[in-house]
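Student: Pasting in a structure now, in structure tokens, and then I'll have a few things to ask.
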Ligand SMILES: *[C@@H]1O[C@H](CO)[C@@H](O)[C@H](O)[C@H]1NC(C)=O
Ligand SMILES: *[C@@H]1O[C@H](CO)[C@@H](O)[C@H](O)[C@H]1NC(C)=O
Ligand SMILES: *[C@@H]1O[C@H](CO)[C@@H](O)[C@H](O)[C@H]1NC(C)=O
Ligand SMILES: *[C@@H]1O[C@H](CO)[C@@H](O)[C@H](O)[C@H]1NC(C)=O
């Protein structure tokens, strides 16, 4: 009997302790939960507005201008309208005479981009709108530089700076797959919804003739063309895609996306054939599955995706010849761009950093000539002659030996401007 009593006592003591334990734990648990929740909401708000303090520390002026718009990615729409200059865009959309030029400047690309924009203004006459996609900390510098350009040139252009971003719909999903900087160009038809057509160029592009010349190729599009690019290579034996690519590409050697004309109205409307479904897909539906399928096989990012798209839709691409996108590949082992030999280089593309190292001094000489030129100075005396002198020093390289092609069209462009000045235009 005593045995039972002991056992009962023990059980009761145990039960009491258990109850005490449970009661003790309850507040702990609930406070733990609320702590966790607080932590979570905290993290969340930090994430969606987190850029504020982070950028604020570096660039307070920008934040003020941003009007407290918290996230780079989710409020893109607001960013756009806010930074758009107060131009009557609705009216302009109906009859837009401007050339729309877009560039994506990531990393240390400010100076290079400014040289490109300068070359776009120098030789042409038509009004321009620059769409500059850049990392936030560069926006101020772009504004400061562009606003200082002389008023004669100011009257010919407007500009909008945009954050590097995705279209606001599905921004989070895009973000998971696409690197914003590398893929920005693919999203331009979806971001610049009110723009009909666009000339997209890399930052390392220099125009050696009026921009309106390439813009006018848009009017040569047949009814199925919706974009235009140059071949990636002229010489299949040294080309990249046909030797190394692990994905489909356009034509014999692929296309280079450094200079790309787009009729974005058509891009937005078109249903693209593809190798993912038997159903043609719209641009906005195409990008995500395409990257998902090929992400492990692509080397040159968005250019590879464009090659895959136009492989399946070749009737949509207008291919312009190599002098519209002239790269070191065209002269590095000897000249292989026939059209440039005949008519000169129209647009120079100093890819792989050749404007900034000593590998292709002829390319660097052109860049430096345009970069150092001051608006308003005599173009022959302060641009053409010094450039020709510097190119003479590059004759030890293949591209240097081909450099008469670099100045052939430039000379004509400058000649036309000088003639117009004499005639008092
Ligand atoms: C720039 O915007 C202003 C203000 O809306 C407008 O009057 C002007 O025509 C525009 N210039 C160009 C070159 O588009
Ligand atoms: C990716 O490359 C591998 C190796 O060349 C190839 O077997 C595979 O089919 C490629 N993937 C796609 C989606 O083309
Ligand atoms: C682009 O295509 C649309 C639809 O076909 C057309 O209305 C528009 O004029 C084209 N834009 C240019 C600049 O040719
Ligand atoms: C437009 O030109 C391309 C070649 O650039 C061709 O493949 C396509 O069939 C043409 N479209 C029409 C409607 O003629």
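The values are calculated or read from the model by the stated rules, or taken from the named source; none is laboratory data. Predicted model only: the values in this text are computed from it and were never measured. In this analysis, Cβ positions are derived from the backbone assuming ideal geometry, glycine residues included, and neighbour counts consider all displayed protein chains.
Student: Residue by residue through region 182-191, note down the ones that are modelled with pLDDT of 85 or more and over 11 Å from residue 291 (Cα atoms). Let's see the steps before the verdict.
Tutor: As a first pass, look at region 182-191 and keep what is modelled with pLDDT of 85 or more: 183-191.
Within region 182-191, 184, 185, 186, 187, 188, 189, 190, 191 meet the criteria.
Student: Check 263, 222, 242 and return the single one that is touching a helix residue (DSSP H, G or I) at 6+ places or on another chain (Cβ under 9 Å), modelled with pLDDT under 95 and more than 16 Å from ligand 1 (Cβ to nearest atom). It would help to see each step written out before you state the result.
Tutor: On the way: 263 fails: modelled with pLDDT under 95; 222 fails: modelled with pLDDT under 95.
Checking each option against the conditions leaves just 242.
Student: Right, something else. Would you say residue 241 is buried (at least 18 other Cβ atoms within 10 Å of the Cβ), under 30 Å from residue 333 (Cβ atoms), assigned by TED's automatic domain parsing to the domain that holds residue 313 and within 16 Å of ligand 4 (Cβ to nearest atom)? Steps first, please.
Tutor: On the way: buried (at least 18 other Cβ atoms within 10 Å of the Cβ): yes; under 30 Å from residue 333 (Cβ atoms): yes; assigned by TED's automatic domain parsing to the domain that holds residue 313: yes; within 16 Å of ligand 4 (Cβ to nearest atom): no.
Judged against the criteria, residue 241 is not a match.
Student: Now for a separate question. Within region 260-314, track down each residue that is within 16 Å of ligand 3 (Cβ to nearest atom) and either under 22 Å from residue 103 (Cβ atoms) or assigned to a helix (DSSP H, G or I) (or both). Show your work before the answer.
Tutor: First pass over region 260-314, keeping only residues within 16 Å of ligand 3 (Cβ to nearest atom): 260-272, 282-283, 313.
The answer is 260, 261, 262, 263, 264, 265, 266, 267, 268, 269, 283.
Student: Which one of these does residue 313 not meet: (1) more than 16 Å from ligand 4 (Cβ to nearest atom); (2) touching a strand residue (DSSP E or B) at 6+ places or on another chain (Cβ under 6 Å)?
Tutor: (1)
Student: Please go through region 315-331 and pick out each residue that is surrounded by fewer than 18 Cβ atoms within 10 Å (Cβ to Cβ) and over 21 Å from the mean Cα position of the chain (by Cα).
Tutor: 315, 321
Student: Now a separate question. Which number in (1) within 16 Å of ligand 2 (Cβ to nearest atom); (2) closer than 21 Å to residue 188 by Cα marks the one condition that residue 241 misses?
Tutor: If we test residue 241 against (1) within 16 Å of ligand 2 (Cβ to nearest atom); (2) closer than 21 Å to residue 188 by Cα, just (2) comes out false.
Student: Considering only region 302-328, how many residues are modelled with pLDDT under 95 and within 16 Å of ligand 2 (Cβ to nearest atom)? Full working, then the answer.
Tutor: First pass over region 302-328, keeping only residues modelled with pLDDT under 95: 302-305.
Next, from what is left, pick out any that are within 16 Å of ligand 2 (Cβ to nearest atom): 304-305.
Going through region 302-328 one residue at a time, the tally reaches 2.
Student: From the set of residues in region 191-234 that are part of a strand (DSSP E or B) and away from ligand 4 (no atom under 16 Å from the Cβ), which is farthest from residue 345 (Cα to Cα)? Let's see the steps before the verdict.
Tutor: Residues of region 191-234 part of a strand (DSSP E or B): 197-201, 205-207, 227-231.
Now drop any that are not away from ligand 4 (no atom under 16 Å from the Cβ), which leaves 197-201, 205-207.
On the way: 197: 24, 198: 22, 199: 18, 200: 18, 201: 16, 205: 12, 206: 10, 207: 9 Å.
Among them, the one singled out is 197.
Student: Would you confirm, using the coordinates I've provided, whether residue 391 is in a helix (DSSP H, G or I), under 21 Å from residue 204 (Cβ atoms) and either touching a helix residue (DSSP H, G or I) at 6+ places or on another chain (Cβ under 7 Å) or in the same structural domain as residue 258 (by TED's automatic domain parsing) (or both)? Write out each step before concluding.
Tutor: Details: in a helix (DSSP H, G or I): yes; under 21 Å from residue 204 (Cβ atoms): yes; either touching a helix residue (DSSP H, G or I) at 6+ places or on another chain (Cβ under 7 Å) or in the same structural domain as residue 258 (by TED's automatic domain parsing) (or both): yes.
Here the answer is yes, as residue 391 does meet what is asked.
Yes/no per residue for (1) touching a helix residue (DSSP H, G or I) at 6+ places or on another chain (Cβ under 9 Å); (2) in contact (Cβ under 8 Å) with a residue 60 or more places away in the chain:
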{"position": "141", "(1), (2)": "yes, no"}
{"position": "146", "(1), (2)": "yes, no"}
{"position": "150", "(1), (2)": "no, yes"}
{"position": "162", "(1), (2)": "yes, yes"}
{"position": "168", "(1), (2)": "yes, yes"}
{"position": "178", "(1), (2)": "yes, yes"}
{"position": "181", "(1), (2)": "no, yes"}
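Student: Anything in region 274-301 that is away from ligand 2 (no atom under 16 Å from the Cβ), buried (at least 16 other Cβ atoms within 10 Å of the Cβ) and touching a residue at least 24 places away in the same chain (Cβ under 8 Å)? List them, or say none.
Tutor: Residue satisfying the conditions is 283 alone.
Student: Right, next: Output yes when any residue across region 340-353 is over 30 Å from residue 419 (Cβ atoms) and in contact with a strand residue (DSSP E or B) (Cβ under 8 Å, 6 or more places away or on another chain), and no when none is.
Tutor: First pass over region 340-353, keeping only residues over 30 Å from residue 419 (Cβ atoms): 351-353.
Adding the requirement that they be in contact with a strand residue (DSSP E or B) (Cβ under 8 Å, 6 or more places away or on another chain) leaves 351.
Checking region 340-353: at least one residue is over 30 Å from residue 419 (Cβ atoms) and in contact with a strand residue (DSSP E or B) (Cβ under 8 Å, 6 or more places away or on another chain).
Student: Please work out if residue 198 is closer than 30 Å to residue 115 by Cβ, in contact with a helix residue (DSSP H, G or I) (Cβ under 6 Å, 6 or more places away or on another chain) and within 16 Å of ligand 1 (Cβ to nearest atom). Before the answer, list the steps.
Tutor: Working: closer than 30 Å to residue 115 by Cβ: yes; in contact with a helix residue (DSSP H, G or I) (Cβ under 6 Å, 6 or more places away or on another chain): yes; within 16 Å of ligand 1 (Cβ to nearest atom): yes.
Yes: the conditions hold for residue 198.
Student: Then there is this: Determine the pairs where a residue that is part of a helix (DSSP H, G or I), located within region 316-344, has a partner that is within 16 Å of ligand 3 (Cβ to nearest atom) with Cβ atoms under 6 Å apart, the partner being 6 or more residues away or on another chain.
Tutor: These pairs meet every condition: 316/224; 316/226.
Here's the yes/no breakdown for (1) within 15 Å of ligand 1 (Cβ to nearest atom); (2) more than 29 Å from residue 328 (Cα to Cα); (3) surrounded by fewer than 18 Cβ atoms within 10 Å (Cβ to Cβ):
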| residue | (1), (2), (3) |
| --- | --- |
| 127 | yes, yes, yes |
| 134 | no, no, no |
| 158 | yes, yes, yes |
| 178 | no, no, no |
| 182 | no, no, yes |
| 189 | no, yes, no |
| 202 | no, no, no |
| 206 | no, no, no |
| 211 | yes, no, no |
